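Any read-out appearing in this document is the output of simple, stated calculations on the displayed coordinates, not a laboratory observation. Everything numeric here is computed off the predicted structure, so don't read it as measured data. In this analysis, Cβ positions are derived from the backbone assuming ideal geometry, glycine residues included, and neighbour counts consider all displayed protein chains.
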Amino acid sequence: MDYLDRTSAPLSDAEWNKIDAAVISSARDILVSRKFLNLLGPLGPGAYDIPFSVYTGKTSVGIDMTGESDTTIIAAASRKSVPLPLLYADFKISWRDIETDHKTGLPVDASAAAIAAVTVASQEDDLIFNGNKELGVEGLFTATGRLTAKISKWDEPGAGLADVLKAVSALAGASHYGPYALVLSPALYGKLVRVYANTGLLELDHIKALISGGVYYSNVIKGDKAVVIELGSKNFDLAIGQDFTVGYLGTEKMNHMFRVLETAALLIRRPCAICTLE
């Protein structure tokens, strides 16, 4: 952890603990993809990329009395490598604030660290859902080989449930039988918070009965879009190199500079386990 240079900062262990707690708590409140993706790692801060196997197509199961039928052998269709980009946001604490806190016994103000953590957490979700063309990283909404279905107007009651059923049917037709998770834009999520027909239940409640892996919304999903995925590390992993941490950057015009950082990437092992509604 020497690369973080934390011992050079004019902070006590207790003050570092408060900053770390603010960063972790703030990131946890924002992160959506970590609520349903399996974590792989941490692999270490020096990991630039990670190789993984990609699987495509349906498989068949043999059933006979001798075990001699021809079946599809399950094997990787290809081998890929995905980079683990560095996600970070810098913040500053005034030297005068630190001096005042030390003399008066006030706790260090960790609000700047919390705001930086929110920014990095939002960027992580954006990477997972939308990918990054410049880095050549695909997300759930941009993965090559994913299933797609046309989304309808959710202003009509029952339209959201019908579209989710359509996505689940498409996944089941590709031999992905669940459990499923649904993630959608805040605008679409809001349209599900209404009573469905004469059931006395929200349309969202009916969808949750079908989507046992959880229904979530994320602010990084813009417009009328949603995605349904089959859960499990057989399909996806969220690879973590360095998890959320804080490093000391030194002084700038006497003030103290810090950085919230992490490295992460989405491994899409079976893109056909994704169905986007768009």
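A few remarks follow.
- Test: residue in the range 101-114 that is within 14 Å of the chain's Cα centre (by Cα) and under 24 Å from TRP16 (Cβ atoms): no
- When restricted to residues that are in a helix (DSSP H, G or I) and buried (at least 20 other Cβ atoms within 10 Å of the Cβ), the range 144-160 contains 1.
- Within the set ILE240, ILE229, the sole residue that is surrounded by 21 or more Cβ atoms within 10 Å (Cβ to Cβ), under 25 Å from ALA187 (Cβ atoms) and of a type in the set (Val, Ile, Thr) turns out to be ILE229.
- Scanning the range 212-226 for residues that are touching a helix residue (DSSP H, G or I) at 6+ places or on another chain (Cβ under 7 Å), in a loop (DSSP other than H, G, I, E, B) and surrounded by 16 or more Cβ atoms within 10 Å (Cβ to Cβ) yields a count of 4.
- Per-region count, the range 1-18, residues surrounded by fewer than 16 Cβ atoms within 10 Å (Cβ to Cβ), of a type outside the set (Asp, Glu) and in a loop (DSSP other than H, G, I, E, B): 3
- For ALA117, the criteria (1) without any contact (Cβ under 8 Å) to a residue 12 or more places away in the chain; (2) touching a helix residue (DSSP H, G or I) at 6+ places or on another chain (Cβ under 8 Å); (3) part of a helix (DSSP H, G or I) hold in every case but one, which is (1).
- Residue that is under 30 Å from THR251 (Cα atoms) and part of a helix (DSSP H, G or I), where the choices are ALA187, ALA167, ALA112: ALA112
- Total residues in the range 8-49 satisfying the condition of being closer than 19 Å to ALA110 by Cβ, over 19 Å from the mean Cα position of the chain (by Cα) and not aliphatic (A, V, I, L, M): the figure is 9.
- Sub-8 Å Cβ pairs linking a first residue in the range 140-168 that is among the aromatic types (Phe, Trp, Tyr) to a second residue that is outside any helix (DSSP H, G or I) and surrounded by 16 or more Cβ atoms within 10 Å (Cβ to Cβ), at least 6 apart or interchain, are PHE141/GLY131; PHE141/ILE221; PHE141/LYS225; PHE141/VAL227; PHE141/THR276; TRP154/LEU192; TRP154/ASP224, ordered by first then second residue.
- Residue selected from the range 50-100 under the condition of a type in the set (D, E, K, R) and in a strand (DSSP E or B), by the criterion farthest from the chain's Cα centre (by Cα): LYS92
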